[in-house]
1. Please find, within region 130-150, the residue that is modelled with the lowest pLDDT out of those that are within 20 Å of G76 (Cα to Cα) and either of a type in the set (F, W, Y) or surrounded by 15 or more Cβ atoms within 10 Å (Cβ to Cβ) (or both).
2. If you scan region 169-180, which residues turn out to be buried (at least 23 other Cβ atoms within 10 Å of the Cβ) and part of a strand (DSSP E or B)?
3. Across region 184-218, which residue is surrounded by the fewest Cβ atoms within 10 Å (Cβ to Cβ) among those that are of a type in the set (F, W, Y) and out of contact with any helix residue (DSSP H, G or I) (no Cβ under 7 Å at 6 or more places or on another chain)?
4. Quickly run through region 288-315 and pick out the residues that are more than 17 Å from V364 (Cβ to Cβ) and among the aromatic types (F, W, Y).
5. Take the residues in region 239-285 that are aliphatic (A, V, I, L, M) and without any contact (Cβ under 8 Å) to a residue 60 or more places away in the chain, then tell me which one is farthest from D324 (Cα to Cα).
6. Test S208 against the criterion of being closer than 30 Å to E47 by Cβ, in a loop (DSSP other than H, G, I, E, B) and polar (S, T, N, Q), and give yes or no.
7. Mind checking whether some residue in region 206-226 is in the same structural domain as I315 (by TED's automatic domain parsing), free of Cβ contacts under 8 Å to residues at least 12 places away in the same chain and not charged (D, E, K, R)?
Amino acid sequence: MKSISRQRGHAAILFAICIPALFGLFTLASDGARALQAKARLGDALEAAVLSIAAHNDDNTDTSDDGNSGSSINIGIAKGYIEQYLSDMDDVSRIVVSKLSCGKNDDCDVNDPNTMRFLEYQLEASTEFLSWFPGNDVTAGFGERLHVAGRSHARKYQSEAVDVVLVVDYSGSMDDSRSGGSEKIKELHEVVKLVTDELQTFNRYEMSNNKVALTGFNFYTHRSENCYVDQLLWDSNKNEPDYDKTITKIFEEKTRCIDGNNDDESYFYDLSLTDEFDDFNFELNAFQAAHGTASYQGIIRAAQMAMEGTNPRRIIIILSDGDDWREHKTYSQELVDKGMCERIREELANETASGKPVHAKIAVVGFDYDLDKNTALVDCAGEENVFKAENPEDILDKILELITEEIGHLH
């Protein structure tokens, strides 16, 4: 009997000794399982959030001063998703949103003609939970707080075929050299060549029929080498612009050539929508800039050219380095205020011949120029579609972003 009593005593002692270890295993298993579950839910939240961020396509300029990184819009989107997926968390300790163009992404080889460019959004986040069993000097635990982190990526490639009409400023200032660079018009032509290379790649591998067109403007548009065209219709009795008539007849191609200015040494003309990109660039390289600026001329002509497109997406991209000149600034603003750009978007958004809905957009890229001074262009495109570019790489990134509207692959 003494032997049995001793054994019972030993068992009790062993059990007492094991209690902290067993409780430690329980706490580690409980909070550990909770951490794994939270990590899985955080991964789901970040995947949904990064797709939403990519779809929103904010510039992601860093506006945060609370330890996060990225624009306030993108951080807000990410935080909203995380809070919905992890309602039991204590805090989102950090959110980092990165937006990488192809040239800044090691996975995107800009020198490989067989590689399609993409824009990538990267999202990282760290969250904190209060531990159920933080542990102490006797039992094991994860501490007062559980830290769970995750990350996700989304890449945007082009999906539906697009008709791109470039509206290029060929005023004299485009012959000036950019600070730290060469003549702006030469740099712009190089960018257009890269854009057509990208469209060619999409056409080859996605079996698409992307096309590009170009219309230039200074004080006029040019139908051909020696044919200057005024897109603004005039009231002959009052000798002033007839804005209402201009907007009503905006899609009617103007065929009357007018006398050019003797001091206009520019050389450019319309290049219609095409997928023969080599011929397009060969002609473009000979174009030269001179004279003043009247952006409404290019916008009206671009609308007429875009109407010839057959793809389900139509984008007019205005590329300019300065404000309209004198009275032309008033003409531009009056036309925009009277609804010129709204009418262009509405008409371009009609169905294709095959009955597909069309998405139309007007965007502006200011090259080495503060576009806030040109209120007509900002009002025409809408602030969300106005971008500033300091160098050719910025221009290329912005144009490709506009072309690459759809979300491609999630990583």
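The values are calculated or read from the model by the stated rules, or taken from the named source; none is laboratory data. Predicted model only: the values in this text are computed from it and were never measured. For neighbour counting, all protein chains shown are included, and Cβ atoms are generated from backbone atoms with ideal geometry for every residue, glycine included.
1. V148
2. D169, the sole residue that qualifies.
3. Start the filter on region 184-218 by keeping residues that are of a type in the set (F, W, Y), which leaves 202, 205, 217.
If we keep only those that are out of contact with any helix residue (DSSP H, G or I) (no Cβ under 7 Å at 6 or more places or on another chain) as well, we get 202, 205.
On the way: F202: 21, Y205: 12.
My answer is Y205.
4. Across region 288-315, there are no qualifying residues.
5. So in region 239-285, the residues aliphatic (A, V, I, L, M) come out as 247, 250, 258, 271, 273, 284.
Still in the running and without any contact (Cβ under 8 Å) to a residue 60 or more places away in the chain: 258, 271.
On the way: I258: 21, L271: 23 Å.
Applying the filter and picking the extreme gives L271.
6. Working: closer than 30 Å to E47 by Cβ: yes; in a loop (DSSP other than H, G, I, E, B): yes; polar (S, T, N, Q): yes.
Yes; evaluated as a whole, the condition is true for this residue.
7. yes
Per-residue answers, yes or no, for (1) polar (S, T, N, Q); (2) touching an Asp or Glu at 6+ places or on another chain (Cβ under 9 Å); (3) free of Cβ contacts under 8 Å to residues at least 60 places away in the same chain; (4) assigned to a helix (DSSP H, G or I):
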| site | (1), (2), (3), (4) |
| --- | --- |
| D66 | no, no, yes, no |
| G80 | no, no, yes, yes |
| E83 | no, no, yes, yes |
| D88 | no, no, yes, no |
| S93 | yes, yes, yes, no |
| V96 | no, yes, yes, no |
| D107 | no, yes, yes, no |
